[in-house]
Amino acid sequence: MLHLFGKSDDLIVHGRAPFNAEPPLDRLRASFITPQALLYVRCHGDIPALDATHRVSVGGLAATPFDADAAELAARFAPHRVRSVMQCAGNRRADMRAVRPVSGDPWAAGAIGHAEWTGARLADVLRAAGCRDGDGLHVAFESRDVAETPDGPARFGVSIPLSKAMHPDVLVAWAMDGEPLTPEHGFPLRIVVPGYAGVRSPKWLGSITVQDRPSDAFQQAKDYKLFPPDMRPDTEDLSRGFTIDEMPVNSAICVPAPGAALAAGGVAVGGWAAASGRAVVRVDVSGDGGRNWTQAEIEEHDGSPWSWSFWRATLDLPAGEHELCVRAWDAAGQTQPALPDDTWNFKGYLSAAWHRVRVTAA
Ligand SMILES: Nc1nc2c(c(=O)[nH]1)N[C@H]1C(S)=C(S)[C@@H](COP(=O)(O)O)O[C@H]1N2
Ligand SMILES: [Mo]
């Protein structure tokens, strides 16, 4: 049983120290806006004990650096609300692990959630600091938690290109779903970068620095890279990896659960689909492992390019064993690979093959 900061006690826990957990998929699918109690938690180190007086500094290539706590930011900058998915680059890694060993926790399809975030626009904060503008600049974030890395313990740090940082939907956020951030989700302040992998949305924010190069922290410089399929841990070559920012179109079946024993006939199938800044234009489902497909109904979507879609379909399943599959399409006509083998990489990132669930009907 888990009683951490009011997290739901039915989370699937991958690790306690650091704490990593995801919700069961039927629970995730129950609300279009994910409650904080159900949002997956991904931590690289211990959750730092910060209070509301914690101050964030803004500086670097900036004429008027300053620091502020959450209340000061809220008073000084117009609060902005953005609905956005938070999704780990390792979401659905379990499917890749089934192909060949991968490093990292075996996330099912629950390392994703969809929230309404409230905060100051990062662009407003950067402008207030008189930050330099121009091509090739980056905004680096250092957090207050310390993670174990191959180079020793170090503060968590990442960066995003300044061009992305100036997007009006990138936030220095203090609230999720109208409530202050809870400790495990970054209290008192975190960055939210819609459309990018969760790792680029640092929690427990300590500093914001405009600079002429990406962050040299471990998470930015050495981790969260998509490596080619022939690379293994012992042949890791950073120059052959690219930095994971945007995420591919992805989807999952949340009901029924794998192994479910169902009554033959019309079976209700439902799940999520998300496309990282593009609209999900269609979702297809199959009851026979992908030989025949039918279009699912988009049950819920809110028009935000950063949001997910909830879809549902009824499949007619005769008695016997069946492999259900889903694949989503984005507005650029891109869809998901059929097999996790197609995009396997030794870190198990961006696992987005057709999601398959085996069930039995009787
Ligand atoms: N400071 C800090 N920020 C962090 C992390 C972390 O370990 N430390 N994990 C990152 C990763 S990999 C993800 S997927 C998201 C998860 O956010 P959540 O735990 O609020 O769901 O936070 C990101 N921000
Ligand atoms: Mo992540």
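The values are calculated or read from the model by the stated rules, or taken from the named source; none is laboratory data. Owing to the predicted nature of the structure, the values given are computational and were not obtained by experimental measurement. Using ideal geometry, Cβ is built from the backbone for each residue, glycine included, and neighbour counts are taken over all protein chains shown. Calculation scope for accessible area: heavy atoms of the full protein, side chains included, ligands and nucleic acids excluded. Shrake-Rupley method; radii C 1.70, N 1.55, O 1.52, S 1.80 Å.
Observations, loosely collected:
- The one condition in (1) surrounded by 20 or more Cβ atoms within 10 Å (Cβ to Cβ); (2) away from ligand 1 (no atom under 13 Å from the Cβ); (3) of a type in the set (Gly, Ala, Ser); (4) closer than 21 Å to residue 184 by Cβ that residue 68 fails to fulfil: (4)
- Matching residues in the range 119-133 - criterion: being open to solvent by less than 10 Å² (accessible area, probe 1.4 Å) and farther than 12 Å from residue 168 by Cα: 129
- Residue within the range 17-39 that is part of a loop (DSSP other than H, G, I, E, B), closer than 24 Å to residue 270 by Cα, within 16 Å of ligand 2 (Cβ to nearest atom) and not β-branched (Val, Ile, Thr) present: yes
- Counting residues in the range 142-158 that are in a loop (DSSP other than H, G, I, E, B), assigned by TED's automatic domain parsing to the domain that holds residue 199 and in contact with a Cys (Cβ under 9 Å, 6 or more places away or on another chain) gives zero.
- Residue satisfying all of: in the range 287-324; in a strand (DSSP E or B) and touching a residue at least 60 places away in the same chain (Cβ under 8 Å); surrounded by the most Cβ atoms within 10 Å (Cβ to Cβ) among these: 311
- Within the range 336-362, being assigned to a strand (DSSP E or B) and either of a type in the set (Asp, Glu) or open to solvent by less than 50 Å² (accessible area, probe 1.4 Å) (or both) holds for 355, 357, 359, 361.
- Restricting attention to the range 285-311, the residues being under 22 Å from the mean Cα position of the chain (by Cα) and either charged (D, E, K, R) or assigned by TED's automatic domain parsing to the domain that holds residue 86 (or both) number 3.
- Matching entry among 82, 99 (being assigned to a loop (DSSP other than H, G, I, E, B), touching a residue at least 12 places away in the same chain (Cβ under 8 Å), buried (at least 16 other Cβ atoms within 10 Å of the Cβ) and touching a Phe, Trp or Tyr at 6+ places or on another chain (Cβ under 6 Å)): 99
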